[in-house]
C-alpha cells in the first residue's frame, strides 16, 4: 500500500484540479494529508525548512521584477504605439497586418514576457482593425493568440526563470539558449502567413493605394523609428547586461523594471496613480506565482519522500525503451497535460518529476529545459483551457465565435510542434549560443 501512495497522491491531485479547485490550496492540502500519512507529525519539522529554502532563492526575485516591467510597459502605451505603427509598416504586403502582429508579439515578448497583457493588448487594437480590413476571423485570431505566447520562449521569460531554478540550469544560459528557438518560431509563423495569404488573398488583403499614400505623406519612417526605439533599448538593457556578463538575470530584471518606469516618463504616461496600479497588479500576480510555488515545494517534498520519482523512473526504465522513445513520451505527456493545466502548474508539478528522468538518460539539462519551454508554450493555445484563447475571447468583438478561435489556432499549434521537433533534431539550436557566450 505504501509503495502505491505517491501514485494515489498524484491521482488525487489531478482529480481535484480537474474539478476546478484552486491550484495552490489543492497542492498544499494534498501535500499535508499525504505527508501526515507517510511521515507522521515529523512532516511539519521538514516542511518549513523546505519552504524557507524556496522563498530564500535569490534567482526567483527576478519574477516580480519582470512582472512589474511588463505591467508598466503595457500601461505606458508602448504596446499600443508599436502595434499601430508596425501594422502600417507591413500593410502593403499580403498578410502584412498579420506579419506585423507576429513581430510586435516578438518585441513585446522580449520586453515584457507576460502573455495575458500581450494577447489582450493586441486583441483590443489589432483584431478589430484586421476584421475591418477583410481578414478572415480564423487567421486574425490565430495570429494574435500565437504571437502573444512568444513571450514564454523569447527572453526575458518568467517560465525560463522558474525552469532554471527547478532544473538547476543557469537562467542566463537559458535566456541565451531560447533566443534561436524563439526566432525560429517567429520565422515559421511569418512563412506560414505569407504562403497562406498569397494563396488566399481574399483572407488577407493589403492596404488600399489611396490610404497608403496618405500614410506615407504623414511621415511613416519617423513614426516607425519612434515606435521601435523604446522596446529595442529595453531589450538591449536587459538582455545585453546579461550577455555581457555585467549583471545576473535578477539584476537585469531590476534594470528592466527601472527602464520601464523611464520609458513611461519619456512617453508622458507616468503618473503616481499608474505606478500604484502597476505595483498592485505586480503584487497580486507575484503572490499567485509564489503561493503555487510553496504548494509545489510541499508537494515535491512529499512525492520524493514517498519515493514517487524513483517509482516513475523505474517504471519507464523497465519498459526497455531507448532514450529517444523516452524523450518522445515525456514531450507527449507535457503536450497533453497542457490541454488541461497552465504552464505554472505544469512547471511546478510535473517538471520536477520528469526532469530527473531526462537527466538520467544523459540528456543535456540546458537543452531539455528549452524543449520544456517550447512545449509549455502550446499549453496557452490548446483547448479547452488555453489561456490565450480565454484572453482573446474576452476582448474580441461579439461576432467572433469561440469555434472560430479554436479553428484559427490549429495551424499555429502545428507550427509550434514543428519548432519543437527542430530543437529535438538539432540540439545546437539551444546549446550553441550559450556555448559561444559562456564557453563549455
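Just so it is clear, none of the values below were taken in a lab; they were calculated from the coordinates. Quick caveat: nothing in here was measured; it's all calculated off a predicted structure. Positions of Cβ are backbone-derived with ideal geometry, glycine not excepted, and every protein chain shown enters the neighbour counts.
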Report the full-extension gain for the segment residue 288 to residue 399: residue separation times 0.36 nm, less the Cα-Cα distance, to one decimal in nm.
36.7 nm
Arranged from highest to lowest average of other beta-carbon atoms within 10 Å per residue, in what order do the peptides 278-285, 411-418, 150-157, 251-258 appear?
150-157, 251-258, 411-418, 278-285
State the percent of C-alpha pairs, over all pairs in the range 245-361, separated by a distance greater than 16 angstrom.
73
Stretched out fully, how many nm does the piece from residue 339 to residue 425 gain, at 0.36 nm a residue minus the Cα gap?
28.5 nm
Hey, what did the range 120-202 get for relative contact order, percent, Cα under 8 Å, at least 6 apart?
23
With everything on Cα atoms, drop me the angle between helix 365-377 and the longest principal axis of the chain, reported from 0 to 90° to the nearest 10.
60
Provide the FRET efficiency to the nearest 0.05 for the residue 310-residue 225 pair, computing r from the beta carbons and using R0 = 45 Å.
0.20
Tell me what the chain gives for mean residue ellipticity at 222 nm when only DSSP H runs of n ≥ 4 count, each as -39,500 (n - 2.57), the sum divided by the residue total, rounded to 500 deg cm²/dmol.
-25500 deg cm²/dmol
Choice from 429, 55, 235 showing the highest fluctuation, given a GNM over the chain with Cα pairs closer than 10 Å:
55
Selected from 335, 270, 368 as most flexible by GNM, with the chain as the system and alpha-carbon contacts under 10 Å
270
Helix axis angle, 23-39 relative to the chain longest principal axis, alpha carbon, degrees:
10
Enter the angle in degrees (range 0 to 90, nearest 10) between the Cα long axis of helix 78-89 and the first principal axis of the Cα atoms of the chain, meaning the one along which they spread out most.
50
Out of 362, 123, 332, any idea which swings most in a Gaussian network model of the chain, alpha carbons joined below 10 Å?
362
With the cut-off at 13 Å, report for the range 137-189 the share of all Cα pairs above it, as a whole percent.
59
Stokes-Einstein D (µm²/s) once Rh is taken as the Kirkwood radius of the chain over alpha-carbon pairs, at 20 °C in 1.002 mPa s
95
May I ask you to work out the translational diffusion coefficient for the range 365-417 at 10 °C, viscosity 1.306 mPa s, via Stokes-Einstein with Rh from the Kirkwood sum over Cα pairs, reported in whole µm²/s?
132
How high is the relative contact order of the chain? Use alpha-carbon pairs under 8 Å, at least six apart in sequence, and give a whole percent.
27
Multiplying the sequence separation of residue 195 and residue 435 by 0.36 nm and subtracting their Cα-Cα distance, what value in nm do you get?
82.9 nm
